[in-house]
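Have a look at the structure below before the remarks.
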Amino acid sequence: MKNKILSKTFVIILLFSLITSAINVQSEKTHQEKTNNKQINPDSIKSSTSSIFGQTYMVEMRDGISLATDAYDLLLQTKPHGTILFRTPYDKNELKIFGFLFSVFGWPTVLQDMRGRYDSEGIDTLFRNSHTDGPDTLAWIANQTWSNGKIATVGPSALGINQYFMAGANPQNLACQFIMVATPNLHKHAIYQGGQFRKGLVEGWLSKQGSMYILDEILENENYSLDFWTNVSLEDNWQDVNVPAIHLGGWYDIFLQGIIEGYQGYQHLGGPGAQGNSKLIIGPWTHEGYIERSQGILAYPFNSLGFWSLKMFRDMIRQYTMNESNSYDDWPTVSYYVMGDVDSIFAPGNEWRYANDWPVHDSVMEWYFNYDGTLITNPLEQSDFISYIYDPMDPIPTIGGQNLNLDRGPYDQSIVEQRDDVLLFTSEVLEEPYEATGPIKARLFVSSDCPDTDFTVKLTDVYPDGRSILITDGILRMRNRNGTDHWEFMEPGQIYEVEVDLWSTSYIWNKGHRIRVAVSSSNYPRFLNNPNTEDSVYENSTYNIAENTVYLGPDTPSCIILPQISYGEKLVDNYSNSYLDSNLGRLLFRLNKM
C-alpha cells in the first residue's frame with residue numbers, strides 16, 4: 001500500500017510541478033528498528049542553508065525527542081518563501097523526488113519522518129503526538145532563512161491524518177492544508193466504525209508498519225473517551241482550527257466520512273481563519289484511486305481523474321503562503337462526482353457537480369422493506385417480521401467496499417446475497433433514473449436472542465444482467481446503538497429502533513436498473529465478526545449463534561433513507577474546472593465503449 005500511494009502521489013506532484021512551472025511560480029518497507037541515539041548539534045536546529053538536493057537535520061521536539069527532517073532549499077530564490085511540509089510514517093527517503101521537484105520549481109520543501117519511524121527517534125504512537133510534533137516542526141521551519149514563516153502541509157492517508165491533528169493545536173505558522181483521503185477522528189472512522197472493530201484495516205495497516213504493539217492499547221480503549229482519544233480527534237476542538245484546507249476524498253475510500261466531516265468541521269465549526277475558507281472534493285475513488293479510472297471491477301470515464309485538484313492547491317498555497325491574489329476563492333466550495341451506470345454510454349451521471357456546501361439540498365425518501373423482498377416507497381399497512389440465523393463462525397465474506405488491505409471499491413455482491421443469513425429488499429425495475437446524493441441511513445426495527453450482535457446494511461445497484469454492484473455499506477454494533485462511549489446490551493426479544501450509518505454517496509441508478517438493500521449481521525474481515533456475547537473485542541472464550549429479526553410494518557417501518565435529488569435538478573451553476581471537461585470526458589468514455 002505504501003509504495004503504491006507514494007508512487008501515485010509522485011505522479012500528482014510531478015504534474016503539479018509542471019503546472020507551477022508553466023505559470024512561472026518561480027518568479028515570485030515494513031518499518032524496522034528505529035534509531036534512538038542520534039547526536040544533535042544544537043546549532044543545526046536554529047538555521048540552515050540546505051540545498052535543492054536536501055540536507056538532513058535532527059529537529060528536537062519539546063520533549064527532547066528529535067525527528068529526522070530533510071530540507072530542500074531553492075536554487076535561485078534569494079528571498080524567504082512559503083514552504084511545503086510533508087510529515088510521513090512511510091520513510092521520508094521515498095519522498096526525496098518530491099522535495100527536489102518542489103524546490104526546483106520554486107517551493108522550499110521539508111520532509112520529515114514521524115516520531116518513532118525510520119530515522120526519527122522515539123516510539124511510534126499512532127498519531128498521538130502529531131498535535132505537538134507538527135507545531136514544533138512548523139516553528140523550526142519558520143526559523144530558517146529560506147522560510148517566510150508561512151507553511152502549507154500536504155499529503156494523503158497517514159500524511160493527511162497528522163495534518164488534521166496538527167491543525168487542532170492552532171499553530172502560528174500553519175498557513176493552509178491539502179488533506180487527502182484522511183480522517184480527523186481515528187476512533188469513529190478508522191478503528192470502530194459503528195462501534196465495531198475494523199479488523200481488516202487496523203490489523204493490516206499496523207502489521208505492515210511493524211507497529212502491532214499498539215493494538216493492545218487500541219483494544220483496551222474501545223469505548224470513546226476524551227481521556228484517551230482526544231489527541232487523535234478534533235471533535236472537542238474544531239474552534240482551534242484556523243486555516244483553510246482542501247479536503248479530498250473518494251466515495252469508496254476507507255475514510256470517506258472522515259474527509260466529509262473534516263470539511264464540515266473546518267467550514268462551519270472552525271476558528272475565523274477556517275470558517276468559510278475550505279473546499280471539499282469527492283470523486284468515485286478508492287483510497288489510492290484518485291488518478292485511476294478503474295475502481296473495483298468498474299471503469300469510470302476519463303473525467304473522473306482528479307488531476308485538476310492540483311490547480312486548486314496551487315491557487316491556495318500561492319494565496320495563503322505568498323499573499324498573492326488569485327482565483328482560489330472562485331473555485332466551487334464543493335466538487336463531487338455523481339456516479340452512474342458505466343455500461344450504457346448514454347446513462348446519466350458519471351460527471352462532476354458543484355455546490356455551495358455539503359450535504360446538498362435534497363428531499364428525503366424512505367424506501368420500506370416488504371416481507372416479499374420488495375423495496376417500496378409506500379408504507380406497509382400490515383406488520384410482519386423476518387428472522388435469520390447469524391453464526392459468527394460462518395461470517396459473510398467481504399467483497400469490495402471501503403477497504404484498504406482487501407478488495408476495494410464497487411464489486412458484485414450477488415454471490416453473498418444468495419446466503420440464508422442475508423435479507424434482500426429490491427425495488428421494481430426503474431422506469432426512469434433515480435438519484436441519491438448525500439448521507440445514507442437505514443432505520444431498522446430489530447431484535448435478537450443474544451445480549452449483543454451486529455446489523456449490517458449494503459446499498460447496491462442491480463444491473464439488468466443481475467450484477468448487484470456495491471455502492472456503500474455500514475454496520476452497527478448493538479451495544480453501541482446509543483453511543484460509542486458506553487455499552488447497552490440487548491434484552492432477548494425486545495424490539496429496538498436503531499440507525500445504521502452507511503456514510504454518504506452520490507449515485508444515479510439508470511432506468512432498467514433496480515435499487516437493492518441487503519441486511520445481515522457480518523462483513524468479515526472488513527469488520528470483526530461479533531461473537532454475540534457481552535465480552536470486549538477478542539476477550540470472548542465462547543460464542544453464541546444468534547437468531548436476529550427485522551420487523552416490518554406501520555409500527556416498525558424498517559427502511560433505507562435516501563437523499564433524493566430530482567433527476568435533472570440543477571443545484572448550482574456549472575463550473576468547468578475539471579482536468580478534462582465533464583462533457584469531453586464523457587464523450588471519450590462513450591467512444592471507448594463503442
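The values are calculated or read from the model by the stated rules, or taken from the named source; none is laboratory data. As the structure is a computational prediction, the values presented were derived from the model and not from experiment. No Cβ is skipped: glycine too gets one built from the backbone with ideal geometry, and neighbour counts run over all protein chains shown. Note: areas computed on protein heavy atoms with side chains; ligands, DNA, RNA excluded. Shrake-Rupley method; radii C 1.70, N 1.55, O 1.52, S 1.80 Å.
List of remarks:
- Subset of the stretch 153-207 (residues that are β-branched (V, I, T) and closer than 18 Å to D91 by Cα): T153, V154, I161
- Hits in the stretch 526-540 - residues which are of a type in the set (S, T, Y) and surrounded by 24 or more Cβ atoms within 10 Å (Cβ to Cβ): none
For every residue, the table says whether it meets (1) under 30 Å from D555 (Cα atoms); (2) more than 26 Å from the chain's Cα centre (by Cα); (3) modelled with pLDDT of 95 or more.
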| residue | (1), (2), (3) |
| --- | --- |
| W367 | yes, yes, yes |
| I389 | yes, yes, yes |
| Q402 | no, no, yes |
| R419 | yes, yes, yes |
| P433 | no, yes, yes |
| A436 | yes, no, yes |
| K441 | yes, no, yes |
| V462 | yes, no, yes |
| D465 | no, yes, yes |
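- Of all residues in the stretch 253-262, those that are open to solvent by 10 Å² or more (accessible area, probe 1.4 Å) and assigned to a loop (DSSP other than H, G, I, E, B) total 1.
- If you filter the stretch 130-151 down to residues that are small (G, A, S) and under 22 Å from Y320 (Cα atoms), you find that the one that is surrounded by the most Cβ atoms within 10 Å (Cβ to Cβ) is G134.
- N480 vs. criteria of a type outside the set (A, V, I, L, M, F, W, C) and more than 23 Å from G204 (Cβ to Cβ): no
- Screening W238 against (1) surrounded by fewer than 24 Cβ atoms within 10 Å (Cβ to Cβ); (2) within 24 Å of T505 (Cα to Cα); (3) hydrophobic (A, V, I, L, M, F, W, C) leaves a single unmet condition, (2).
- Those strands (runs of 3 or more DSSP E) lying entirely in the stretch 51-129 with at least 3 residues more than 23 Å from the chain's Cα centre (by Cα), aliphatic (A, V, I, L, M) and surrounded by 21 or more Cβ atoms within 10 Å (Cβ to Cβ): 66-72
- Residue check for F307: surrounded by fewer than 23 Cβ atoms within 10 Å (Cβ to Cβ) and hydrophobic (A, V, I, L, M, F, W, C): yes
- The residues of the stretch 263-278 that are under 18 Å from S506 (Cα atoms) and either open to solvent by less than 10 Å² (accessible area, probe 1.4 Å) or part of a loop (DSSP other than H, G, I, E, B) (or both) amount to a single one, Y263.
- Every residue from the stretch 523-562 that is touching a Leu at 6+ places or on another chain (Cβ under 9 Å) and either among the aliphatic types (A, V, I, L, M) or closer than 30 Å to N221 by Cβ (or both): P525, R526, S536, V537, Y538, E539, V550, L552, I560, L562
For every residue, the table says whether it meets (1) open to solvent by 10 Å² or more (accessible area, probe 1.4 Å); (2) touching a helix residue (DSSP H, G or I) at 6+ places or on another chain (Cβ under 8 Å); (3) assigned to a strand (DSSP E or B); (4) among the basic types (K, R).
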{"site": "C450", "(1), (2), (3), (4)": "no, no, no, no"}
{"site": "F455", "(1), (2), (3), (4)": "no, yes, yes, no"}
{"site": "L459", "(1), (2), (3), (4)": "no, no, yes, no"}
{"site": "G466", "(1), (2), (3), (4)": "yes, no, no, no"}
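- When the stretch 61-115 is filtered for residues that are modelled with pLDDT of 90 or more and β-branched (V, I, T), the ones remaining, listed by number, are I65, T69, T83, I84, T88, I97, T109, V110.
- Selection within the stretch 286-341 - part of a loop (DSSP other than H, G, I, E, B), of a type in the set (G, A, S) and modelled with pLDDT of 95 or more: G296, G340
- Selected residue (only one of T132, T125 is within 21 Å of A182 (Cβ to Cβ) and at pLDDT 95 or above): T132
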